[in-house]
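Report on the structure given below.
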Amino acid sequence: MPEWLTPVLRAVETVRPHQLSRFLPPKNGAGRQSAVLVLFGEGRKGPELLLMERASSLRSHAGQPSFPGGALDAEDGDPRVEGPLRAALREAEEETGLDPDGVQLFGVLPSLFIPVSDFVVTPVLGWWRAPSPVGVVDPAETARVFTVPVADLTDPANRATTVHPSGHRGAAFLVESALVWGFTAGIIDRLLHYAGWERPWDRDRQVPLDWGS
């Protein structure tokens, strides 16, 4: 893996669940097990992340930028061991068409909870060592697939805070003609912070969730 990923690897090895989110998996084991692929690659502007925009017709998180991912299937295996890794790669292939053989997995973050959809999500981190063509595989699930340079994510001009109707405040990124918010933005925000890549930004700047519409 490239040397620039070392701070991310170090963060993955040391970060604790409460440092990522206040929404942690229910202690009674409730929630649907799922995984997302946080895939780092190297593009024209340096390090980048692979994201997708969910189709507007979906029941949950419609139209929202996200990491590739989804619920674990029985064939993925034990959700406490190999299940999230297999699910993250399988879902990424199904949603973006990427070749999983070109992905080197290097870490797993603590599982977190998304109350609105009842998902227990395990973020799986990967290095795109052999990039393959990606794009929309099923328009019923995915509106578009795109990459975002880490330099754009750390640019203070692209950072803001969103306020959900519930009152919850969260990090947001205005990149690639999209507002990245919610769970995905929270993971990116914490990774930038604990990897030491974060730059000072205006936390009082707020954007509405319908930004750009």
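The values are calculated or read from the model by the stated rules, or taken from the named source; none is laboratory data. This one's a predicted model, so the numbers in the text were calculated from it and none came from an experiment. Heads up, the Cβs are rebuilt from the backbone with ideal geometry, glycines too, and the neighbour counts pull from every protein chain shown. Ligands, DNA and RNA are excluded from the accessible area calculation, which covers all protein heavy atoms including side chains. Shrake-Rupley method; radii C 1.70, N 1.55, O 1.52, S 1.80 Å.
Run down Ala140, Ala172, Ala160, Ala151 and say which single residue is under 21 Å from Gly63 (Cα atoms) and either of a type in the set (Val, Ile, Thr) or in contact with a Gly (Cβ under 9 Å, 6 or more places away or on another chain) (or both). Step through it out loud before you land on a result.
Numbers: Ala140 fails: either of a type in the set (Val, Ile, Thr) or in contact with a Gly (Cβ under 9 Å, 6 or more places away or on another chain) (or both); Ala160 fails: either of a type in the set (Val, Ile, Thr) or in contact with a Gly (Cβ under 9 Å, 6 or more places away or on another chain) (or both); Ala151 fails: under 21 Å from Gly63 (Cα atoms).
On inspection, the qualifying residue turns out to be Ala172.
Pairs under 9 Å by beta carbon, first residue farther than 27 Å from Glu198 by Cα in the range 134-159, partner in a helix (DSSP H, G or I) and open to solvent by 40 Å² or more (accessible area, probe 1.4 Å), six or more apart or different chains?
Matching pairs, first to second residue: Val137/Glu93; Val137/Glu94; Asp138/Glu94; Glu141/Glu94.
Residues that are acidic (Asp, Glu), within 17 Å of the chain's Cα centre (by Cα) and either open to solvent by 30 Å² or more (accessible area, probe 1.4 Å) or closer than 16 Å to Ala35 by Cβ (or both): does the range 121-138 have at least one? Can you show your working first?
Restricting attention to the range 121-138, the residues satisfying the condition of being acidic (Asp, Glu) are 138.
Within this subset, residues satisfying the condition of being within 17 Å of the chain's Cα centre (by Cα) are none.
There is no residue in the range 121-138 that is acidic (Asp, Glu), within 17 Å of the chain's Cα centre (by Cα) and either open to solvent by 30 Å² or more (accessible area, probe 1.4 Å) or closer than 16 Å to Ala35 by Cβ (or both).
Which count do you get for residues in the range 154-185 that are surrounded by fewer than 20 Cβ atoms within 10 Å (Cβ to Cβ) and modelled with pLDDT of 95 or more?
Of the residues in the range 154-185, 7 are surrounded by fewer than 20 Cβ atoms within 10 Å (Cβ to Cβ) and modelled with pLDDT of 95 or more.
Hey, among the residues in the range 186-213 that are open to solvent by 20 Å² or more (accessible area, probe 1.4 Å) and assigned to a helix (DSSP H, G or I), which one's farthest from Gln64 (Cα to Cα)?
So the first thing to find is which residues in the range 186-213 are open to solvent by 20 Å² or more (accessible area, probe 1.4 Å), and the list is 186, 190, 193-194, 196-206, 208-213.
Now drop any that are not assigned to a helix (DSSP H, G or I), which leaves 186, 190, 193-194.
Working: Gly186: 13, Arg190: 19, His193: 23, Tyr194: 25 Å.
Here the answer is Tyr194.
Mind listing whichever residues of the range 6-51 are of a type in the set (A, V, I, L, M, F, W, C) and assigned to a strand (DSSP E or B)? Even if it seems obvious, please write down each step before you answer.
The initial filter retains those residues of the range 6-51 that are of a type in the set (A, V, I, L, M, F, W, C), namely 8-9, 11-12, 15, 20, 23-24, 30, 35-40, 49-51.
Of everything in the range 6-51, those that are of a type in the set (A, V, I, L, M, F, W, C) and assigned to a strand (DSSP E or B) turn out to be Ala35, Val36, Leu37, Val38, Leu39, Phe40, Leu49, Leu50, Leu51.
Considering the range 61-82 alone, what residues qualify as being loosely packed, with under 13 Cβ neighbours inside 10 Å and either closer than 30 Å to Leu174 by Cα or polar (S, T, N, Q) (or both)?
Correct list: Ala62 only.
Counting just the residues of the range 1-60 that are among the hydroxyl-bearing types (Ser, Thr, Tyr) and under 23 Å from Gly97 (Cβ atoms), which one comes out least open to solvent (accessible area, probe 1.4 Å)?
Applying the first criterion (among the hydroxyl-bearing types (Ser, Thr, Tyr)) to the range 1-60 yields 6, 14, 21, 34, 56-57, 60.
Filter once more, so that each one left must be under 23 Å from Gly97 (Cβ atoms): 34, 56-57, 60.
Details: Ser34: 7, Ser56: 105, Ser57: 92, Ser60: 37 Å².
Ranking the qualifying residues of the range 1-60, first place goes to Ser34.
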